[in-house]
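This report concerns only the one structure given below.
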Amino acid sequence: MFDSFIRLVREIYQTEQFIPLHEPRFAGNEKQYLLDVIDSTFVSSVGPYVTEFESKIAAYTGAKHAIATVNGTAALHVALLLAGVQPGEEVITQAVTFVATCNAIHYCGAEPVFVDIDAATLGLSPLALAEFLDRFGERCDDGVYNKTSGKRIAACLPMHTFGHPCDLAGLIRVCDDFGMPLVEDAAEALGSRLNGQHCGTFGKLGVLSFNGNKIITTGGGGMILTDDEELARRAKHLTTTAKLPHAWKFEHDQIGYNYRMPNLNAALGLAQLEQLPRFVELKRGLAQRYLDWAQANGAQIVEEPAGADANYWLNALLLDDHTQRDAFLELCNTRGVMTRPLWELMADLPMYQHCQRDDLRQSRQLAERLVNVPSSVVV
Ligand SMILES: *Cc1c(COP(=O)(O)O)cnc(C)c1O
């Protein structure tokens, strides 16, 4: 089975060379737009490509407003601040995620609380969330407090793992019931929809990433999505050093952040965005090839949840157990086909070891069995 997998990947990518997990494709107007930015001298945080990139992302996702940032982590930081997360508070998230999700919570002076995922979506489980809040949550005038820590649980931050949408309807029901804002870490989910609606547009705020390993890249970059005009205004203000608009005066009315995406990066992003619909199609085609192989070989591939159109950013194989997983990782990587295990669970990292969590049963089972396999767009 392992050998036939390696043959399949080599056939897909048509090379005997090293095959990375994910690499960007620059087959469109990237060079032209970048040269245009250099010629204009507007390479930094002011320039027409940034606003154009924002409006095209808003149009593509259906979000009313999109605010471009230097990276996805910065976007998460500001989105959480705008959701009302304050020092000494808590944010419920999943242990199955990239570390940026938790770091952004920490940047707000808050702490993550880990709740289990759904095996079907790989995202935060509405059932586990409801169970946790029924057991530990106490409703007060200004939201829910954690009976264990005495701290306010300020927000819920699910993540759409590898581009597979969480059960958003279920999560929103629980969050609404407890009066808790939902912020979506949709960093991996550009191009993913649930019942036709784009990920990152369900919550109060949502966040995208355009890091080099994501489905499209700006080099480094992120985006805050929201339908709320006032939140959008504050997002723009906070990410641009809280400078008051004026032709020559430098006046700032609060402590802001230098988080604005530079024009140079937005130019790259715009060229990439033009190719996104095709990238999504090609990625879904690639996922189908992995699925066909899995069916023929008695293997298991992660499939999009019911009602979802996933971007299949990273494909994932589910092995029998951690022994088989480790043998698979060893063989693929020594044979030049990059594969990697799930991220170390956030609840086990030294910085977050002390944080409260439920039993994380599904998260731990997934961590034992999952490997990501090469998923770059095949051209
Ligand atoms: C990529 C990613 C981010 C943001 O990363 P940046 O590199 O800062 O753009 C956040 N959360 C998740 C789950 C990610 O995969």
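Each reported figure results from applying straightforward, stated rules to the coordinates on display, with no laboratory input. This one's a predicted model, so the numbers in the text were calculated from it and none came from an experiment. Don't worry about glycine lacking a Cβ; one is built from the backbone with ideal geometry, like all the others, and counts go over all protein chains shown.
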Restricted to the chain, the DSSP antiparallel beta bridge percent, nearest 5, is 65
Report the Rg/Rh value for region 262-379, based on alpha-carbon coordinates and the Kirkwood definition of Rh. 1.04
For a Förster distance of 30 Å, can you work out the FRET efficiency between the beta-carbons of Glu344 and Cys140, rounded to the nearest 0.05? 0.30
Net length gained if the chain between Ser149 and Leu244 were fully extended (0.36 nm per residue, minus Cα distance): 30.3 nm
Structure-based [θ]222 nm, the chain - -39500 (n - 2.57) summed over DSSP H runs of at least 4, per residue, nearest 500: -12500 deg cm²/dmol
In whole Hz, the Karplus estimates of ³J(HN,Hα) for region 199-208 (6.51, -1.76, 1.60; θ = phi - 60°; x where Gly or Pro) are 4, x, 10, 8, x, 4, 9, x, 10, 10
Amide H neighbours of Gln300 under 5 Å, at least 5 residues apart or on other chains, H built in the peptide plane: list them. Leu318
If you project the alpha carbons of region 30-273 onto their three principal axes, what span does each projection cover, largest first, in Å? 60, 40, 27
Rg/Rh for region 236-280, where both radii come from Cα atoms and Rh is the Kirkwood radius: 1.21
Multiply the residue gap between Gln32 and Ile255 by 0.36 nm, knock off their C-alpha separation, and tell me the result in nm, one decimal place. 76.6 nm
Going by average Cβ density within 10 Å per residue, which order do the peptides 165-177, 273-285, 183-195 take, highest to lowest? 183-195, 165-177, 273-285
Per-peptide average of other Cβ atoms within 10 Å, ordering 196-202, 342-348, 84-90 highest first: 196-202, 342-348, 84-90
Expected sort for 44-54, 26-36, 257-267 on mean C-beta neighbours within 10 Å, highest first, is 257-267, 44-54, 26-36
With springs only between Cα atoms under 10 Å, which of Phe178, Phe114, Phe162 fluctuates most in a Gaussian network model of the chain? Phe178
So for region 282-326, Kirkwood radius off the Cα pairs, Stokes-Einstein at 25 °C and 0.890 mPa s: how many µm² s⁻¹? 216
Please work out the FRET efficiency for the pair Arg7 and Leu127, using the Cβ-Cβ distance as r and a Förster radius of 30 Å; give the result to the nearest 0.05. 0.15
For the cross-link pairs Lys151/Lys204; Lys64/Lys243; Lys214/Lys283; Lys56/Lys243, which exceed 20 Å when the distance is taken from alpha carbon to alpha carbon? Lys151/Lys204; Lys64/Lys243; Lys56/Lys243
Relative contact order for the chain, counting Cα pairs under 8 Å that sit 6 or more residues apart, in percent: 24
